[in-house]
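Here's the structure we're looking at; comments come further down.
We did not get these values from a lab; they are worked out from the coordinates using the rules stated. Computed from a prediction, not measured in an experiment: that's the story for all the values here. Here the Cβ is made from the backbone with ideal geometry for all residues, glycine too, and neighbour counts use every protein chain on show.
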Amino acid sequence: MRILVTGGAGFIGSHVVDAYIAGGHAVTVIDNLSTGYREFLNPKAHFYQADITDRPAVREIFAREHFDLVNHHAAQGDVRVSVADPLADARTNIMGLLTLLDACREFSVRKFILISSGGVIYGEPEELPIPEDAPKKPISPYGVAKLASEFYLFSAKQTWGLDYIALRYANVYGPRQTPKSEATVISTFARALARHQSVTIFGDGQQTRDFVFVSDVVAANLLATERLEEINRAPARSIDDLAFNIGTGRETSVNELLQRFSHALGQPCDAHYAPPRPGELQRNALDISKAQRVLGFVPKVSLEEGLAKTLEWVRLESLA
């Protein structure tokens, strides 16, 4: 299959590109390198340094490459940036998506995987773990943009026959996650603690997240790619029918996370507390039973194993 991966030089996208190429697919990457790195690019991928909001550039790439599927990872992924500058967030996350969808329609691309966010579109949950059909109450512009993106795809399916799946990621972590990419508390802690520095915890540290390792997320993308046509045969009544939570279903508090780092490092870890940041949630864990049942998704990497692999990569990065 000829696959476009937007954001394919970034943290998660580059891992997905590697897996597609290992599976024998022909992969093209569009990335403006604002948060991605040339070093992360698979040498077998066809790379275009371009912005997904650049309509002429996107049209030219689609006309040349004749894609079968778009895997859309490119995004403005920082909640804090979206709160500070909602227009910039919407420019990338909404206008960029519409530019891609316009090209898909013009050049007859009928398969699309959207990377959405189970970490923000639900807002503060009414139940845990959160199922796909839970109320949507995003409290950040980033969350609003991700939810709007799912509705745009649902509209495209109804009006011109786009087959799609939305993957609602929990908090993804692992190798290649850098401060300028989709940084999470794990990558931030790992980088500081590997350098024997103290860490900052915003709020009281009791806030929880569902941490999922990047290789498990890659597996979900491969499953979605394999089963996209089959899943789209049934009529879709709402955005939730074609959306899948991708996480572990387990809550881990920031304070507990620091304790796990201390155990992994075999030493105490210093932290100081700062005021909570606007737009951030207090609790999150995703119900992945639908992804398990329909996609066959099963997360395999424990938090302990994932932290060890992340620390190992950060240490090697520090030596480079």
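Details
- 3J(HN,Hα) from dihedral phi, the range 196-210, Karplus parametrisation 6.51/-1.76/1.60, rounded to Hz, x for glycine, proline: 6, 9, 6, 10, 9, 10, 8, x, 8, x, 8, 5, 10, 9, 9
- Segment LYS137..GLU60, full-extension length gain: 24.0 nm, with 0.36 nm per residue of separation and the alpha-carbon distance subtracted.
- Using the average count of surrounding beta-carbon atoms within 10 Å as a protection proxy, the listed peptides 53-65, 119-131, 5-17 rank, highest first, as 5-17, 119-131, 53-65.
- Placing pseudo-labels 7 Å out from each Cα toward the beta carbon at ALA274 and GLU304 gives an inter-label distance of 3.2 nm.
- Approximate spin-label separation ALA88-ARG2, in nm, with each point projected 7 Å along Cα-to-Cβ: 3.6
- Gyration tensor verdict on the range 72-123 (Cα atoms; rounded if a/c is under 1.5, prolate if a/b is larger than b/c, oblate otherwise): oblate
- Crossing angle, helix 96-106 versus the chain [Cα axis fit, 0-90 degrees, rounded to tens]: 30
- Helical contribution to [θ] at 222 nm, DSSP H n ≥ 4, -39,500 (n - 2.57), averaged over the chain, rounded to 500: -12000 deg cm²/dmol
- Under the criterion of Cα pairs below 8 Å and six or more residues apart, the relative contact order for the range 131-277 equals 34 percent.
- Here the residues TYR142, TYR273, ranked from fewest to most Cβ neighbours within 10 Å of their Cβ, fall in the order TYR273, TYR142.
- Virtual paramagnetic centre 7 Å along Cα→Cβ of GLU229, amide N under 12 Å, in the range 94-123: 110-111
- Using the Cβ of SER117 as centre and a radius below 9 Å, the other residues enclosed give a net charge of +2, where K and R count +1 and D and E count -1.
- Computed from backbone phi, the HN-Hα couplings of the range 31-45 come to 7, 8, 6, 5, 10, x, 9, 4, 5, 8, 6, 5, x, 8, 7 Hz, rounded to whole numbers (Karplus: 6.51 cos²θ - 1.76 cosθ + 1.60, θ = phi - 60°; Gly and Pro given as x).
- Under 5 Å, built H, 5+ apart or other chain: amide partners of ASN245: ARG168, ALA291
- Of the trypsin sites (Lys or Arg not before Pro) found in the range 206-252, the ones in coil according to DSSP and having at most 10 other Cβ atoms within 10 Å of their Cβ are ARG233, ARG237.
- 5 angstrom amide H check on SER117, placed H, neighbours 5+ away: TYR169
- Note on LYS290: lysines with a C-alpha under 23 Å away, same-chain residues under 8 apart excluded, are LYS111, LYS136, LYS137, LYS146, LYS157, LYS300.
- Between PHE47 and VAL29, the built amide H atoms are under 5 Å apart, and every one of these is 5 or more places off in sequence or on another chain.
- Against the main long axis of the alpha-carbon atoms of the chain, helix 55-65 sits at an angle near 70°.
- ³J(HN,Hα), Karplus 6.51/-1.76/1.60, whole Hz, each residue of the range 71-88, x for Gly, Pro: 10, 9, 9, 4, 6, 8, x, 9, 4, 5, 5, 5, 5, 6, 9, x, 5, 5
- Nearest-ten-degree value, helix 11-22 long axis tilted from longest Cα axis of the chain: 60
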